[in-house]
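Here the structure comes first, spelled out in structure tokens, and everything after it is commentary.
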Amino acid sequence: MKILSKLILVTTVLTLSSCAKQKNKMQESHSEVFFNHTYFHSTDKSFLEILNKAGFSIADNTTDHPGSIQSYFIFIGDLMPGPKETYLTPAYLEFSFIRDPQTYLKNNEAYAETNDPKSPLKWKGYSLGASQGLKKYSEKIAKKLKTELKHKNYNWKQNSTDQLPGWNFLVFPESPFNYYFYTWFTESDSNHPNKNRSYESHSNGAKNISGIVLDIQNEDQTQFLELITDNKFKDGILSVGKNHFIYRYNLLTKMEKALLKNKEHQYKAVLIEADTKKLDSIPLPYEKPLFRGKKVKIVRFPKTQWDIFLLAN
């Protein structure tokens, strides 16, 4: 009996060890991809007042992009993973002010192709990152999807010809999403012009960008998201890295959907975990019902843009 008990004990330990290794291996595989940042466009700066009232600290430095765009940033949480030779920041929200929509349309082929004069307001971006680096991840994912690596110099205004330090992008020319939900990967070279910037905490207690709510239209879009994240939807939720998730809008409860009833775009909301005590002090009401089992305050933007759900945690 003692020998049998020892055999059972050893078998149990080996089984648990094997399960743990398999789980760790799965987590390592899925953590290759992580959330980098997300943005929306606006033809006015009303978002600045909304964000300030909601208790966010907006970074001092802005960035200019081609086509008359000025971007504002909110950094949240710990530094993102990535190769040592790259410039690492916390994950962030980007709010892009379009000074002149017509200039932007003329400077952007994608917008021109939509032939929609309101397209600058409709476009949203959702960018991921790869801990092993874009070049390696591109080689891996190119076996499944058509990919393209692009580069833009930090000082593109002075020199957009030579290959200088800048942003690197992994894009998908055959994405099943239209231009209004642009999905890609971002990586920043070292020697970033704002490499010495500091990251301020937020009075609303924001500490992690934990997910988005997306109204996925068809199976092609589902498969595309699963391929680029190297993961599978489970019960309407797709894990992106360790602490970020894509939630299918159509699998929310009827009451949860009611919180988003005025959103015209398929990209409905960004979810942010916030410290409960700090969130309590922000002059926004808690909504009913709970969202995903948590108390929620909503930072609302116009119907063509996503909202921010601050989840008490």
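Here are a few things to note about the model shown:
- Sparse-neighbour loop sites [GluC sites (Glu not before Pro); the range 213-313; at most 11 other C-beta within 10 Å; DSSP]: E264
- If the Kirkwood radius is taken over C-alpha pairs of the chain, then at 20 °C and 1.002 mPa s the Stokes-Einstein diffusion coefficient equals 102 µm²/s.
- Karplus 3J(HN,Hα) series, Hz, for the range 84-98 with 6.51 cos²θ - 1.76 cosθ + 1.60 (x for Gly, Pro): 4, 7, 9, 8, 10, 10, x, 4, 8, 9, 10, 10, 9, 8, 8
- In order along the range 60-74, the Karplus-derived 3J(HN,Hα) couplings, from 6.51 cos²θ - 1.76 cosθ + 1.60 at θ = phi - 60°, round to 5, 7, 10, 10, 8, 10, x, x, 6, 10, 10, 9, 10, 10, 10 Hz, and Gly and Pro are given as x.
- Whole-number accessible area per residue in Å² for the chain, which is evaluated in the context of all protein chains at 1.4 Å: 53 Å²
- Prolate/oblate/rounded call for the range 162-313, Cα gyration tensor, a/c under 1.5 rounded: oblate
- Global form of the range 244-313, assessed from the alpha-carbon gyration tensor, a/c cut-off 1.5: prolate
- Taking each DSSP H run with n ≥ 4 as -39500 (n - 2.57) and averaging over every residue of the chain yields -7500 deg cm²/dmol at 222 nm.
- Accessible-area composition of the chain, carbon plus sulfur, in percent [1.4 Å probe]: 51 percent
- Using a probe of 1.4 Å on the protein chains alone, the accessible area found for I209 is around 10 Å².
The values are calculated or read from the model by the stated rules, or taken from the named source; none is laboratory data. Computed from a predicted structure; not experimentally measured. For neighbour counting, all protein chains shown are included, and Cβ atoms are generated from backbone atoms with ideal geometry for every residue, glycine included. In case anyone asks, the SASA skips ligands and DNA or RNA and just uses the protein heavy atoms, side chains included. Shrake-Rupley method; radii C 1.70, N 1.55, O 1.52, S 1.80 Å.
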